[in-house]
Structures are given as C-alpha cells and as structure tokens.
Amino acid sequence: MNRTRDAVKGKIAVVGAGTMGCGIAQALTLTGYVTTLVDVNSEALDAAAERIVSSIRMLISRNQITEVEGRSAISRIVPQSDLNVSDSDIVIEAVFDKVEVKGPLFRELDLVCPANVVFASNTSTIPITELASYTQRPDRFIGMHFFNPVHAMDLIEVIRGFHTSEETMDLTLKLAEALGKKTVIVEDVPGFTVNRVLVPLLNQACVLLAEGAATKEDIDQAVRLGLRHPMGPFQLMDLIGLDVMLDVSESIFQRTSDPAFRPHPLLRKMVQAGRLGRKTGAGWYDH
Ligand SMILES: NC(=O)c1ccc[n+]([C@@H]2O[C@H](COP(=O)([O-])OP(=O)(O)OC[C@H]3O[C@@H](n4cnc5c(N)ncnc54)[C@H](O)[C@@H]3O)[C@@H](O)[C@H]2O)c1
C-alpha cells in the first residue's frame, strides 16, 4: 500500500491531532513519510495515536496492507506536544477553524521553521491569504483542504493564496498525488468550491422542511433518488455535524453577504438544542 513518495521527499509535520489531523497523518505515514503529529492537548495526542494504530490494524485485518507495512507505518508516526518541527519540509496545519487559533500558531511556526519550509492549512473557511499574513513566507503558504474521512475521500482542494508561488503549488500537487488524491485548484474565494456548492443545497433542505413541503425523510429520499447523491441533505448534515455546518455557513455568509449562505433558523435551533448529529447521538435523526 506504500505509494511512491519520490516526487516529494523529506519529513512532514501535522499540527492538530483531531479528526482531520489524524486522518492526514495516517495517509502520510502509509505513503512512507516520517510524520510528526503535534497537539497541545496530550489527551488528544494519545487518542490520535490510538485511533491511527487501530485504523492501521483494521487495514491489516482486511489484507489491505501487510503486518510489516502496518508496523512500519505506525513506527513512522512521531507524536509530540511541542512545536519543534524545524526538521520538517512541509507543515500541514489542522487545528480549530478560528483565526484567533490559527494566526498565532502560524506566527510561532514561522519563527521555529527555516524559511524554505512550506506551510499548508486545512482550513475549511478562512482565507489562505489572511492566514499567510501571519508569516514572513506568504509565497510558501497554501491551502490543502482534505475531506472527512481522509482515507475514503479522494479530493483535496488546493487553494492558491494571493502570494502562493508556482513552486509551492507544484510541490503541493505532487504531495497530493503521492497520497493518491485527486486535486482541484481553487482561487482564494470564501468557502472554496465544495462548501460554496454544498451550503446553499443544505440550506434549501432546511427551508423546505420549515415550509412543510415534505418530511426530512422524503427530502433525503428525493435528493438520493432524484440527484443520485449517496446521502440526503439531513443525513449528510448529521454526518458532518450541525455545529460545523452552522460555522461554515456563517463564515461564508459573513464574507460574501450572499443570503444563500445565511444559516436557517431551524439549523441554529438544532445546534442550540445540542442536536449536533451522529457525534452526539442525535441530530435531524436519532442515531
Ligand atoms: N471535521 C471535518 O469534517 C473537516 C473537514 C475538512 C476540513 N476541516 C478543517 O480541519 C481543521 C481541523 O478540524 P478537525 O475537525 O480535525 O478539528 P478537531 O477539533 O477534531 O481537532 C483540532 C485539534 O487541534 C488541536 N489544537 C488546537 N490548537 C492547537 C495548537 N495551537 N497547536 C496544536 N494543536 C492545537 C486541538 O487540541 C484538537 O485536537 C479545521 O480547520 C477544519 O475546518 C475539518
């Protein structure tokens, strides 16, 4: 299962060991990269290491990788709680989607890492140009938007910031290819491509439900059968997390003032009620 990593050599660091950081680190180590996985929260770091080990064990049990490949992939993950990633060639950031968290983190990384190190952010909604402005290397700064779950989703949106150099773009595309992913290059517009298309669709599902046009089950069925989507909008929101959806919608709405992205009051009420989706056991549906 080790893919070729000849095009991009060296060590890679992933900062933020949550849902996405774990998935990205696993993809990197299975491709053969020595991967430093950083988190400020030691419990998150322990949980991440456990999650990656059990996920790799599952691949072994399904004969998708050999025992030896699995063991060597696990040994390439280096968990650490400090930001000493100066020996990495690329740093991929996957911490909370807040400028107040990402900005100071990039400022610190900029001090720690040599000038040639490339920074990639997995942000869903924050402009890459804005995050790059926290560093002295905006030409070596890019967006690398993976999708969840990373092992199952083939796409990476690659976002070009205002100053991103062609060299940085080229390196990022080669890394994505080494990971076995397909890429779409997107300019630095709010929500990039996937969320710009998805949010209005999910919002309209809420509008239809609030209007009493159909039940949520029927709206899901209509979208599955009529559009050949693998999941209906309410099922998808339950998977993504209603709070995540609300944040993404609000962020794009703030940056575009386009009412198509204004979160529907019904979605807001569900979040206030704590019905966040699968992760809390209940969202639009009970799980
Ligand atoms: N969850 C998704 O479906 C999804 C999909 C695509 C992109 N994203 C983006 O990926 C990023 C991470 O999302 P997630 O869902 O993995 O979040 P998460 O909450 O699961 O994990 C974030 C991790 O970052 C850590 N962290 C916070 N501040 C830190 C710091 N200064 N240094 C080191 N670690 C720090 C936290 O302890 C936590 O473990 C966000 O920008 C999000 O928008 C998420």
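General remarks:
- Count of segment 76-114 residues which are of a type in the set (Gly, Ala, Ser) and either on the phi > 0 side of the Ramachandran plot or out of contact with any helix residue (DSSP H, G or I) (no Cβ under 8 Å at 6 or more places or on another chain) (or both): 1
- Scanning segment 154-175 for residues that are over 15 Å from Asp89 (Cβ atoms) and assigned to a helix (DSSP H, G or I) returns Glu166, Met169, Leu173.
- Residue that is within 21 Å of Ala152 (Cα to Cα) and among the β-branched types (Val, Ile, Thr), where the choices are Thr215, Thr183: Thr183
- Members of segment 123-176 found to be among the aromatic types (Phe, Trp, Tyr), within 16 Å of the ligand (Cβ to nearest atom) and out of contact with any strand residue (DSSP E or B) (no Cβ under 7 Å at 6 or more places or on another chain), listed by number: Tyr134
- Residue match in segment 8-21 (condition: surrounded by 13 or more Cβ atoms within 10 Å (Cβ to Cβ), assigned to a helix (DSSP H, G or I) and modelled with pLDDT under 95): yes
- Some residue of segment 28-38 being within 12 Å of the ligand (Cβ to nearest atom), among the aliphatic types (A, V, I, L, M), crowded, with 17+ Cβ neighbours inside 10 Å and farther than 21 Å from Gly180 by Cα: yes
- Looking at Phe106, Phe146, just one residue is touching a Phe, Trp or Tyr at 6+ places or on another chain (Cβ under 6 Å), modelled with pLDDT of 95 or more, closer than 18 Å to Ala13 by Cα and among the hydrophobic types (A, V, I, L, M, F, W, C), and that residue is Phe106.
- Residues located in segment 57-96, provided they are charged (D, E, K, R) and within 16 Å of the ligand (Cβ to nearest atom): Asp82, Glu93
The values are calculated or read from the model by the stated rules, or taken from the named source; none is laboratory data. Because the structure is predicted, anything quoted here is derived from the model rather than measured. Positions of Cβ are generated from backbone atoms using ideal geometry, with glycine treated the same way; all protein chains shown enter the neighbour counts.
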